[in-house]
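See structure below.
The values are calculated or read from the model by the stated rules, or taken from the named source; none is laboratory data. On a predicted model such as this, the values are computed, not experimentally measured, just so you know. Virtual Cβ from ideal backbone geometry, glycine too; neighbours counted across all protein chains shown. The accessibility values were calculated without ligands, DNA or RNA, using every heavy atom of the protein model including side chains. Shrake-Rupley method; radii C 1.70, N 1.55, O 1.52, S 1.80 Å.
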Amino acid sequence: MTEETPGFDEKPDVPSGATPDDAEPKAAPSSEGAAPAGDAAAAQVAGLTAQLDQVRTALGERTADLQRLQAEYQNYRRRVERDRITVKEIAIASLLSELLPVLDDIGRAREHGELVGGFKSVAESLETVAAKMGLQQFGKEGEPFDPMIHEALMHSYAPDVTETTCVAILQPGYRFGERNLRPARVAVAEPQPGATQADKGDSPESADGKENGGPEEG
């Protein structure tokens with residue numbers, strides 16, 4: 001008969017009413033691991049905040065670049081449109097300038113009663129088209145002479161004018177928009193020299209002089 005020696009499979013005695021888990025000692029929670037975990041979370045938050053600031057800065061720069069490009073594009077469009085209008089106006093003004101001698105011939109024919117028949121219809125159509133394109137005629141008898149829009153070809157004196165006046169329109173002027181294509185060629189009249197003094201008549205001083213300067217009666 002052999003003696004039985006206790007093996008490693010034997011379990012320690014467990015008090016009655018206790019579970020096997022109660023027999024194993026539990027490790028107490030350590031407070032040393034909480035501090036490193038909090039520092040790591042704070043560092044992560046700080047890193048995310050820094051990245052967010054960088055993204056916001058980059059977004060602001062890209063937004064400013066986009067706004068600058070948009071402003072440059074708008075300026076470019078306005079400049080192109082302005083240049084297009086200028087080129088168009090120059091072309092129209094050049095065309096109308098070439099038509100002025102034809103319009104002069106039409107005007108002379110109308111004055112002499114030669115604007116009749118089919119020629120009259122063609123002439124009126126041409127004048128209508130020129131007016132639609134913006135051609136304006138100026139220069140009227142009786143208006144004050146303006147060297148900016150009038151060209152004086154004849155000069156005279158007249159007793160019935162008080163300033164230099166256009167008394168005859170030899171050739172009408174034309175403008176397109178703010179461009180003067182041709183000045184109005186006119187005959188002007190100025191007041192008679194000395195007419196101002198003559199119109200005044202006898203002044204009080206002259207009347208007194210006559211009274212004082214007359215011969216005394218004896």
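Overview of results
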read-out: Tabulated pairs, the range 77-101, first open to solvent by 60 Å² or more (accessible area, probe 1.4 Å), second not basic (K, R), C-beta under 9 angstrom, 6+ apart or interchain; value: E89/G134; E89/F176; E89/G177; L95/M133
read-out: Of residues in the range 135-192 being within 24 Å of E89 (Cα to Cα) and of a type in the set (A, V, I, L, M), the one surrounded by the most Cβ atoms within 10 Å (Cβ to Cβ); value: A184
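Condition check ((1) within 20 Å of L181 (Cβ to Cβ); (2) in contact with a His (Cβ under 9 Å, 6 or more places away or on another chain); (3) not small (G, A, S)) across all residues:
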site: S97; (1), (2), (3): yes, no, no
site: L103; (1), (2), (3): yes, no, yes
site: K120; (1), (2), (3): no, no, yes
site: L135; (1), (2), (3): yes, no, yes
site: G139; (1), (2), (3): yes, yes, no
